[in-house]
Amino acid sequence: MAGRVENKVAIVTGGSRGIGKSACEVLAEQGATVVVTDIIDDEGKQLAEEIQKKGWKAQYYHLDTSVENEVSTVFSQVKEQFGSIDILVNNAGISGTNDPTHEISEQDWQKVMDINVKGVFLCTKHAVRYMINQSPGGSIINLSSIYGIIGAPDLPAYHASKGAVRLMTKTDALLYARDGIRVNSVHPGYIWTPLVEELASRSKEGVEAFRENLAKKHPVGHVGKPEDIAYGILYLASDESKFVTGSELVIDGGYTAQ
């Protein structure tokens, strides 16, 4: 089915790489005007240009989601230029330091919270201000994680942040349901993205062994690809999911079924 998000305007945070990049490509292919946002400007601009060359619609904006003035300005410019904000994909995030809780500095903890939690809050806040006056309102998709549902003995700040995103999603789904704004979370298993590859490069076992061990954790026998998550995002962004809000879409190769 083509044109699943035809004539919709979608903002994707952290859109230059990984899941965000794939989401931008899939949404654009399916008819959306995609606003690629990131702090990685060169790759973001390149992605927007590549999307345009395929005959689809995209534009890049520099955006640090943890800075409210930037969020407010970018969202205002998007609304003015394209007329609406119909889809928000809160994808921007970092893994943070992989130290046990008693060794994490306050600064390292706060950095993760500023991007992974505060960034989702700020982008939702400013998207809702436009969506609330639209008909239909819009769809907000928050990227959480399997570790927003279950625990693991590593990355304490990251896991805490993704748990927060999960509950923020449910709260906002209830707050704005009557305004026609749907809010859902996506919970990926391990997806081979630059973020996960960075974790692999920091491991003692080496990148290939790290990937092989990750693959064994998933019943399907391999880690996921960014497009595996992008198609879930597409579903939640489209009108096909008009009865879906406050839900958790788990895309994890069976990881949490064990």
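The values are calculated or read from the model by the stated rules, or taken from the named source; none is laboratory data. On a predicted model such as this, the values are computed, not experimentally measured, just so you know. Heads up, the Cβs are rebuilt from the backbone with ideal geometry, glycines too, and the neighbour counts pull from every protein chain shown.
Condition first: among the small types (Gly, Ala, Ser) and touching a Leu at 6+ places or on another chain (Cβ under 8 Å). Can you find one or more residues in the range 47-60 that meet it?
Within the range 47-60, one or more residues are among the small types (Gly, Ala, Ser) and touching a Leu at 6+ places or on another chain (Cβ under 8 Å).
Which ones in the range 51-78 are crowded, with 17+ Cβ neighbours inside 10 Å and not in a strand (DSSP E or B)?
Ile51, Trp56, Leu63, Asp64, Thr65, Ser66, Glu70, Val71, Val74, Phe75, Val78
Quick check: is even one residue across the range 59-71 in contact with a Phe, Trp or Tyr (Cβ under 6 Å, 6 or more places away or on another chain) and not polar (S, T, N, Q)?
There is no residue in the range 59-71 that is in contact with a Phe, Trp or Tyr (Cβ under 6 Å, 6 or more places away or on another chain) and not polar (S, T, N, Q).
Kindly establish whether Val244 is in a loop (DSSP other than H, G, I, E, B) and either among the β-branched types (Val, Ile, Thr) or closer than 22 Å to Lys125 by Cα (or both).
Judged against the criteria, Val244 is a match.
Is it true that Leu199 is more than 14 Å from the chain's Cα centre (by Cα) and either surrounded by fewer than 21 Cβ atoms within 10 Å (Cβ to Cβ) or at pLDDT below 95 (or both)?
Against the criterion (more than 14 Å from the chain's Cα centre (by Cα) and either surrounded by fewer than 21 Cβ atoms within 10 Å (Cβ to Cβ) or at pLDDT below 95 (or both)), Leu199 qualifies.
Got a sec? Which of Gln30, Gln52 is in the same structural domain as Val117 (by TED's automatic domain parsing) and farther than 18 Å from Ile233 by Cα?
Gln52
Take Ala230 and decide whether it is aliphatic (A, V, I, L, M), surrounded by 14 or more Cβ atoms within 10 Å (Cβ to Cβ) and either touching a Ser or Thr at 6+ places or on another chain (Cβ under 9 Å) or assigned by TED's automatic domain parsing to the domain that holds Glu43 (or both).
Taking the combined requirement at face value, the residue satisfies it.
Which of the residues that make up the range 57-101 are at pLDDT below 95 and of a type in the set (Gly, Ala, Ser)?
Within the range 57-101, Ser95, Gly96 qualify.
Filter the range 1-50 for residues that are of a type in the set (D, E, K, R) and in a loop (DSSP other than H, G, I, E, B); which is nearest to the chain's Cα centre (by Cα)?
Arg17
So if I check each of Gly189, Gly180, which one is modelled with pLDDT of 90 or more and on the phi > 0 side of the Ramachandran plot?
From the options Gly189, Gly180, the qualifying one is Gly180.
Say we look at the range 177-194 and pick out the residues that are over 15 Å from Thr256 (Cβ atoms) and in contact with a helix residue (DSSP H, G or I) (Cβ under 6 Å, 6 or more places away or on another chain); which of these is surrounded by the most Cβ atoms within 10 Å (Cβ to Cβ)?
That would be Val183.
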